[in-house]
1. Evaluate the relative contact order of the chain (contact order divided by residue number), counting alpha-carbon pairs under 8 angstrom at least 6 apart; express in whole percent.
2. Taking 7 Å along the Cα-to-C-beta vector as the label spot, tell me the THR6-ILE99 distance in nanometres, rounded to one decimal.
3. Can you tell me which lysines have their Cα less than 22 Å from the Cα of LYS96? Leave out same-chain residues fewer than eight positions away.
4. Between PRO148, PRO18, PRO181, find the one with the highest GNM mean-square fluctuation for the chain; connect C-alpha pairs within less than 10 Å.
5. Roughly how many nanometres apart are two label points built 7 Å out from the Cα toward the Cβ at PHE151 and LYS240?
6. Ignoring everything except DSSP H segments at least 4 long, calculate the 222 nm mean residue ellipticity for the chain; use -39,500 (n - 2.57) per segment, divide by total residues, nearest 500.
7. Report, to the nearest 10°, how far helix 224-241 tilts away from the longest principal axis of the Cα atoms in the chain, using its own Cα long axis and a range of 0 to 90°.
8. Would you kindly calculate the mean projected area, averaged across all directions, of the convex hull enclosing the Cα atoms of segment 116-242, in square nanometres?
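Rule-based calculations on the coordinates, nothing more; no lab input. Since the model is a prediction, treat every value here as computed from it, not as a measurement. As a convention, Cβ positions derive from the backbone with ideal geometry for all residues, glycine included, and neighbour counts pool all protein chains shown.
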Amino acid sequence: MPQDSTLQAVVTEGLSGPATALVVCEHASAEIPQQFGDLGLSAEARYSHIAWDPGALVLARRLAASLHAPLVYGAVSRLLYDCNRPPEAQDSVPAKSEIHPVPGNTTLSETDRQARADLIYHPFCAAIDAAMDAAQPTALITVHSFTPVYFGKPRAVEIGVLHDTDARLADALLDALTDTPYRVERNQPYGPADGVTHSLKRHALSRGIPNVMLEIRNDLLADETNAADIAARLATALSKAL
């Protein structure tokens with residue numbers, strides 16, 4: 001299928017000079033441009049958690065505003081390309097997400113997959129690199145949400161604080177969140193073995209700067225009162241941890 005090279009895969013906001021942190025939201029959008037059709041999915045599936053992280057962009061914007069930090073976020077669905085995965089990862093262009101096959105991705109050639117990476121992943125990484133160079137942040141914070149039920153199993157964790165081999169910021173943040181009323185866990189509901197720390201490794205570990213990945217259960221973000229409370233608590237804790 002012809003691919004529009006003018007597609008906007010990434011957006012940068014609030015980049016105006018040096019900053020303490022850079023906030024990144026890889027799965028901010030469920031947008032699937034017309035050129036890709038519907039990927040063989042129902043409208044319900046295309047706007048479900050398999051396509052994006054509901055509530056994550058609103059949270060990321062609140063955190064960026066509180067921390068006076070720039071924000072880089074993905075502008076297309078992770079069903080087209082998951083910007084938290086390298087091109088060589090099979091789930092970078094998922095043929096199946098949880099229980100949902102993605103027919104539009106099942107017959108892609110390696111050339112097709114590379115074209116997706118060129119259109120989406122590489123511009124996304126370039127935008128983060130540009131923001132890093134411009135803002136010279138001392139920390140990277142990535143923001144995600146997760147579904148409360150996965151493969152039929154409820155998840156009790158409400159806030160996940162994730163890290164790879166550099167746990168400095170995660171440790172400090174966990175200490176700062178000790179008194180939160182929410183259930184906070186380290187490297188849950190995912191961890192490095194699941195491949196979810198790619199952005200941290202690619203953009204922070206490579207530069208030697210502290211970093212953390214936040215995972216918030218999306219039913220909490222669907223409620224405005226809870227969402228605002230979580231954002232305020234995380235912003236306060238991050239300010240202490242940075």
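1. Averaging sequence separation for qualifying contacts and normalising by length gives 25 percent for the chain.
2. 4.2
3. LYS153
4. PRO181
5. 3.6
6. Mean residue ellipticity at 222 nm (helix-derived): -9000 deg cm²/dmol.
7. Roughly 60 degrees between the two axes.
8. Taking a quarter of the hull surface, the average projection is 8.8 nm².
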